[in-house]
Amino acid sequence: MKIQPGKYEEAVAFMQKHIPDTASFEGCDSIRVAGSPDDSTMMVYGEWASIEAHKKYVAWREEGGLLQEFVSDFLESPPEFLYQSQVY
């Protein structure tokens with residue numbers, strides 16, 4: 001995700017505040033956030049019990065307005081969700 005200019009540290013603080021709720025959401029097996037202040041990017045990597053569990057989580061964040069808040073306050077464009085299976 002590309003963070004808006006000058007907003008990287010605020011985006012990190014936002015993630016640090018809200019990711020613990022993600023980690024405790026039903027179906028979340030693990031969640032990690034990595035970022036680079038040099039190019040103002042972040043990546044969220046999560047392992048979920050199922051795609052449906054992740055979609056339920058995204059719906060919960062959308063209903064509460066938190067996803068839209070993060071997108072509008074910090075991101076240059078909406079996040080892209082990729083679903084992949086472990087191959088090794």
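What follows is calculated from the coordinates using simple rules that are stated; it is not laboratory data. Quick caveat: nothing in here was measured; it's all calculated off a predicted structure. Reconstructed Cβ throughout: ideal geometry from the backbone, glycine too, with neighbour counts over all protein chains shown.
General observations
- Of all residues in segment 81-88, none are surrounded by 15 or more Cβ atoms within 10 Å (Cβ to Cβ), outside any strand (DSSP E or B) and touching a helix residue (DSSP H, G or I) at 6+ places or on another chain (Cβ under 8 Å).
- Residue match in segment 32-51 (condition: out of contact with any His (no Cβ under 9 Å at 6 or more places or on another chain) and part of a helix (DSSP H, G or I)): yes
- Selected residue (criterion: nearest to the chain's Cα centre (by Cα)) from residues of segment 29-54 that are exposed (fewer than 12 other Cβ atoms within 10 Å of the Cβ) and hydroxyl-bearing (Ser, Thr, Tyr): TYR45
- Set LYS17, LYS55: member being out of contact with any Lys or Arg (no Cβ under 9 Å at 6 or more places or on another chain), in a helix (DSSP H, G or I) and either small (Gly, Ala, Ser) or within 18 Å of PRO79 (Cα to Cα) (or both): LYS55
- Conditions (1) more than 12 Å from the chain's Cα centre (by Cα); (2) in a helix (DSSP H, G or I); (3) surrounded by fewer than 12 Cβ atoms within 10 Å (Cβ to Cβ): number failed by GLU26: (2)
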